[in-house]
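Novice: To start, I am sharing the structure in question, which I have written as structure tokens.
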There are 2 protein chains.
Amino acid sequence: MSKSIFYHAGCPVCVSAEQDIVELIGTEHVEIVHFGEDASRIPEAEQVGVKSVPALVTPNGNVLHINFGASIEAVKG
Amino acid sequence: MSKSIFYHAGCPVCVSAEQDIVELIGTEHVEIVHFGEDASRIPEAEQVGVKSVPALVTPNGNVLHINFGASIEAVKG
């Protein structure tokens, strides 16, 4: 199985969701991207359809927006 | 690991998310609850904090609301 990608921005909701996702899917199956640490990944996330964070992009390209987090516009500042 | 519970209401977003979740977590690790088929589970879901569907309740009790789905009020009709 190829990896999922979990995009987040370091908010408490994101970090809590990250821990859950990693525990459920397994750390070896998911790449974690923190926009606060690497803003250069934002365009890539937008391109695959990420509208808010935290979001999980599955290996088949589906975007699961998790919780009612921050909009990606807010993250871009 | 104890099971997660995935609550949904049969909408297209729900079904798509269900398939992704089952694929990622593994069918043996998640119970699927369809409110359209078993409305008696709605109070239990509300009690653990499910505000909209689809939602995944993790073994440690966190509720991950997925996508921008239907509000649980709408499901109750």
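The values are calculated or read from the model by the stated rules, or taken from the named source; none is laboratory data. Computed from a predicted model, the values in this text were never measured in an experiment. Quick reminder, even Gly has a Cβ in these numbers, built from the backbone with ideal geometry, and neighbours come from all protein chains shown. With ligands, DNA and RNA removed, areas are computed over all heavy atoms of the protein, side chains included. Shrake-Rupley method; radii C 1.70, N 1.55, O 1.52, S 1.80 Å.
Novice: Within the stretch B:28-42, how many residues are over 14 Å from B:Ala9 (Cα atoms) and over 11 Å from the mean Cα position of the chain (by Cα)?
Specialist: So the answer is 2.
Novice: Next question, about the same structure. Just name the residue that is most open to solvent (accessible area, probe 1.4 Å) out of those in the stretch B:21-44 that are acidic (Asp, Glu), over 24 Å from A:Asn60 (Cβ atoms) and not in a helix (DSSP H, G or I).
Specialist: Step by step, filter the stretch B:21-44, then rank; the result is B:Glu37.
Novice: So, of the residues in the stretch A:1-20 that are without any contact (Cβ under 8 Å) to a residue 40 or more places away in the chain and open to solvent by less than 60 Å² (accessible area, probe 1.4 Å), which turns out to be nearest to the other protein chains (Cβ to nearest Cβ)?
Specialist: The qualifying residue nearest to the other protein chains (Cβ to nearest Cβ) is A:Asp20.
Novice: While we're on this one: Which condition number does B:Gly69 fail, the rest of (1) open to solvent by less than 50 Å² (accessible area, probe 1.4 Å); (2) assigned to a helix (DSSP H, G or I); (3) at pLDDT below 90 being met?
Specialist: The one condition B:Gly69 does not meet is (2).
So that you can scan it fast, the table gives a plain yes or no per residue for (1) over 22 Å from A:Glu23 (Cα atoms); (2) charged (D, E, K, R):
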position: B:Phe6; (1), (2): no, no
position: B:Pro12; (1), (2): yes, no
position: B:Ser16; (1), (2): no, no
position: B:Val30; (1), (2): no, no
position: B:Val33; (1), (2): no, no
position: B:Glu44; (1), (2): yes, yes
position: B:Val50; (1), (2): no, no
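Novice: Could you check, for the stretch B:51-63, whether at least one of its residues is open to solvent by less than 70 Å² (accessible area, probe 1.4 Å) and under 14 Å from A:Val63 (Cα atoms)?
Specialist: Within the stretch B:51-63, one or more residues are open to solvent by less than 70 Å² (accessible area, probe 1.4 Å) and under 14 Å from A:Val63 (Cα atoms).
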